[in-house]
Amino acid sequence: MSLALVLSLALTQAPTEAAPAPVAETPAADVASADPAPAAAPAEPPKPEQQWWQKVTLSGFARVGVFYSFPFQEEQLVGGNGGFRVADFRLGLDFHPVDKLTVYTSIELAAPLVDANDPLTGHRIVDVRDAYIQYDVTNYFQIRAGQFRPPYYAEMLQSDGSIPFVSRSVLAGGISPPEAYGPRQGLAPDRQVGVQVGSARLGQRFGFKYSLAVTNGNGFNQLFNDNNAVTPVARVEVDISQRVTLGVNGYYNSRADGVRPNRLTTNQLAYGADLSANHMGITALVAFLGKSSTYSYAGLPPDSSLGALGQVRYFHTGTGLEAAARFAWFEPSGAQTDDQVMEIAAMVGWKPFELPFRVLVQYTHRNEEARASYPNDSVDMMLHAVW
């Protein structure tokens, strides 16, 4: 066999290698846009559990000043007891042991205890003001039990530490010596013991809020009730963007007074409405309150009480300066003459920047009817600290 034939047969019988498949090139833009593999997120360390004392908030306020009624007198109910006075010194404790549960109490360290036989004598004691537990089931239903202010009258529901004047108006707090002859009780009930259900503000632009309480009707820190009846109190509020708020409220109370067996029962039906507004540092409030009374003794005719209030305040955030004016008219009894009261107050104040106190000066003109018409205007200078 020739050499050429052998070489030809070897070449035809040798295995043929497969040509490598072409590799598709990935465009640089696609490589750049490809998401990298997500890195494993580091495990968050467990949050330390709060200790019970970290769930407690302390608050309070103090009002200390110089209070003078004019003209100066030596042996008069008004005008003879001016000078330095601690009006209030309050400590509050707000405790949230679990979510939605609030335990709140406040103690007044300078509560007035007036001698029943002489309204110009007495001393100050430590006294309980608020003492209640509240559980917020939802925004639509919140329940509170203990001692608290019942839902009645916007001025009375304003916290003690934020009222703009030296004191509340005659409608809320009444009047008594040494500022006025009085003594006359106001038309709005103070703190009571009982149970309340209500809601937070509901809605967006148009808001709605309700409160319904059942209380003892005897006021705060009473050892026992005067009778077996309870006092229902209700209030409804509607507002527009929390700028303008209309509140309507009322209560019914059956109260027993006197010493057994000579007891007098008074049935009271109270009602009222208030309209408040705030805009650009200006806050305003107008209100009307009324109360009708009937008595168990047939010799006493039905009676009625009326009151009206209008007040406005301006606070300038840039300088901390403020000014306010208030007018209040109060008719304690339609059956009794010479007991009507008119009160006009004007206040100027200043809150230093970033400091938790304000200083204010207030002039108050009071006009009582004929048999108690002795002048009793007052000038008060006060330091009001809030923490």
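The values are calculated or read from the model by the stated rules, or taken from the named source; none is laboratory data. Everything numeric here is computed off the predicted structure, so don't read it as measured data. Cβ sites come from the backbone with ideal geometry, for glycine too, and all protein chains shown count toward neighbours.
Restricting the search to the range 269-317, which residues are touching a residue at least 12 places away in the same chain (Cβ under 8 Å), among the aliphatic types (A, V, I, L, M) and loosely packed, with under 13 Cβ neighbours inside 10 Å?
Correct list: I282 only.
Of the residues in the range 69-83, how many are over 15 Å from D118 (Cα atoms) and free of Cβ contacts under 8 Å to residues at least 60 places away in the same chain?
4
Out of G194, G186, G174, G207, report the one residue that is surrounded by 18 or more Cβ atoms within 10 Å (Cβ to Cβ), under 22 Å from G272 (Cα atoms) and either of a type in the set (D, E) or touching a Lys or Arg at 6+ places or on another chain (Cβ under 7 Å) (or both).
Numbers: G194 fails: either of a type in the set (D, E) or touching a Lys or Arg at 6+ places or on another chain (Cβ under 7 Å) (or both); G186 fails: either of a type in the set (D, E) or touching a Lys or Arg at 6+ places or on another chain (Cβ under 7 Å) (or both); G207 fails: surrounded by 18 or more Cβ atoms within 10 Å (Cβ to Cβ).
Testing whether each residue is surrounded by 18 or more Cβ atoms within 10 Å (Cβ to Cβ), under 22 Å from G272 (Cα atoms) and either of a type in the set (D, E) or touching a Lys or Arg at 6+ places or on another chain (Cβ under 7 Å) (or both) leaves just G174.
Listed residues G161, G174; which is on the phi > 0 side of the Ramachandran plot and either touching a strand residue (DSSP E or B) at 6+ places or on another chain (Cβ under 7 Å) or without any contact (Cβ under 8 Å) to a residue 40 or more places away in the chain (or both)?
Working: G161 fails: on the phi > 0 side of the Ramachandran plot.
Of G161, G174, the one residue that is on the phi > 0 side of the Ramachandran plot and either touching a strand residue (DSSP E or B) at 6+ places or on another chain (Cβ under 7 Å) or without any contact (Cβ under 8 Å) to a residue 40 or more places away in the chain (or both) is G174.
When only residues in the range 59-91 that are aliphatic (A, V, I, L, M) and assigned to a strand (DSSP E or B) count, which is surrounded by the most Cβ atoms within 10 Å (Cβ to Cβ)?
Taking the range 59-91 first, the residues aliphatic (A, V, I, L, M) are 62, 64, 66, 77-78, 86-87, 91.
Next cut, assigned to a strand (DSSP E or B) only: 62, 64, 66, 86-87, 91.
Working: A62: 19, V64: 15, V66: 14, V86: 13, A87: 16, L91: 17.
Only one residue tops the list, namely A62.
Identify, by number, the condition in (1) farther than 26 Å from G60 by Cβ; (2) outside any loop (DSSP other than H, G, I, E, B); (3) among the small types (G, A, S) that G122 doesn't meet.
Condition (1) is where G122 drops out.
Out of the range 137-162, which residues are surrounded by fewer than 17 Cβ atoms within 10 Å (Cβ to Cβ) and farther than 16 Å from T231 by Cα? Before you say what the answer is, go through the steps one by one.
Looking only at the range 137-162, we keep the residues that are surrounded by fewer than 17 Cβ atoms within 10 Å (Cβ to Cβ), and these are 137-141, 143, 145, 158-159, 162.
V137, T138, N139, Y140, F141, I143, Q158, S159, S162, listed by residue number.
Please verify whether the range 293-301 includes one or more residues that are touching a Ser or Thr at 6+ places or on another chain (Cβ under 8 Å) and hydrophobic (A, V, I, L, M, F, W, C).
No, the range 293-301 contains no residue that is touching a Ser or Thr at 6+ places or on another chain (Cβ under 8 Å) and hydrophobic (A, V, I, L, M, F, W, C).
Could you list, in sequence order, the residues of the range 181-198 that are more than 30 Å from S69 (Cβ to Cβ) and either of a type outside the set (S, T, N, Q) or at pLDDT below 95 (or both)?
If we filter the range 181-198 for residues that are more than 30 Å from S69 (Cβ to Cβ), which is where we start, we get 192-198.
Hits for the range 181-198 are V193, G194, V195, V197, G198.
Please count how many residues of the range 164-197 are farther than 22 Å from L383 by Cα and charged (D, E, K, R).
Residues flagged as farther than 22 Å from L383 by Cα and charged (D, E, K, R) within the range 164-197 amount to 3.
Tell me, yes or no, whether the range 193-211 has at least one residue that is assigned to a loop (DSSP other than H, G, I, E, B) and within 23 Å of Q268 (Cβ to Cβ).
Of the range 193-211, the ones assigned to a loop (DSSP other than H, G, I, E, B) are 199-201, 203-205.
From what is left, the residues that are within 23 Å of Q268 (Cβ to Cβ) are none.
Within the range 193-211, none of the residues are assigned to a loop (DSSP other than H, G, I, E, B) and within 23 Å of Q268 (Cβ to Cβ).
Show me the strands (runs of 3 or more DSSP E) entirely contained within the range 278-362 in which 2 or more residues are aromatic (F, W, Y). Before the answer, list the steps.
Numbers: elements: 282-295, 303-315, 321-331, 341-350.
Qualifying strands (runs of 3 or more DSSP E): 282-295, 303-315, 321-331.
Being in contact with a Ser or Thr (Cβ under 9 Å, 6 or more places away or on another chain) and among the basic types (K, R): is that true of R255 here? Let's see the steps before the verdict.
Details: in contact with a Ser or Thr (Cβ under 9 Å, 6 or more places away or on another chain): yes; among the basic types (K, R): yes.
Yes: the conditions hold for R255.
Specify which of the listed residues (L202, L157, L120) is closer than 18 Å to R85 by Cα and of a type in the set (A, V, I, L, M). Even if it seems obvious, please write down each step before you answer.
Working: L202 fails: closer than 18 Å to R85 by Cα; L157 fails: closer than 18 Å to R85 by Cα.
None of the other options fit; the residue is L120.
Might you let me know whether the range 336-351 holds any residue that is polar (S, T, N, Q), surrounded by fewer than 19 Cβ atoms within 10 Å (Cβ to Cβ) and over 30 Å from R263 (Cβ atoms)?
no
Would you point out the residue of the range 243-267, among those that are assigned to a loop (DSSP other than H, G, I, E, B) and modelled with pLDDT under 95, that is farthest from V197 (Cα to Cα)? It would help to see each step written out before you state the result.
Step one: list which residues in the range 243-267 are assigned to a loop (DSSP other than H, G, I, E, B), which gives 243, 260-261.
Next, from what is left, pick out any that are modelled with pLDDT under 95: 260-261.
Numbers: R260: 35, P261: 37 Å.
Here the residue is P261.
Return the only residue of A41, A32, A4, A19 being surrounded by fewer than 10 Cβ atoms within 10 Å (Cβ to Cβ), assigned to a loop (DSSP other than H, G, I, E, B) and modelled with pLDDT under 60.
Going through A41, A32, A4, A19 in turn, just one is surrounded by fewer than 10 Cβ atoms within 10 Å (Cβ to Cβ), assigned to a loop (DSSP other than H, G, I, E, B) and modelled with pLDDT under 60: A19.
Checking F165 against (1) closer than 19 Å to T105 by Cα; (2) part of a loop (DSSP other than H, G, I, E, B); (3) aromatic (F, W, Y), which single condition isn't satisfied?
With respect to (1) closer than 19 Å to T105 by Cα; (2) part of a loop (DSSP other than H, G, I, E, B); (3) aromatic (F, W, Y), F165 is out only on (1).
Conditions: (1) touching a residue at least 60 places away in the same chain (Cβ under 8 Å); (2) in a strand (DSSP E or B); (3) within 14 Å of Q196 (Cα to Cα). V128 meets all but one. Number of the miss?
(3)
Looking at R201, is it of a type outside the set (G, A, S), surrounded by fewer than 15 Cβ atoms within 10 Å (Cβ to Cβ), touching a strand residue (DSSP E or B) at 6+ places or on another chain (Cβ under 8 Å) and at pLDDT below 95? If you could, list the steps in order and put the result at the bottom.
Details: of a type outside the set (G, A, S): yes; surrounded by fewer than 15 Cβ atoms within 10 Å (Cβ to Cβ): yes; touching a strand residue (DSSP E or B) at 6+ places or on another chain (Cβ under 8 Å): yes; at pLDDT below 95: no.
Criteria not met by R201.
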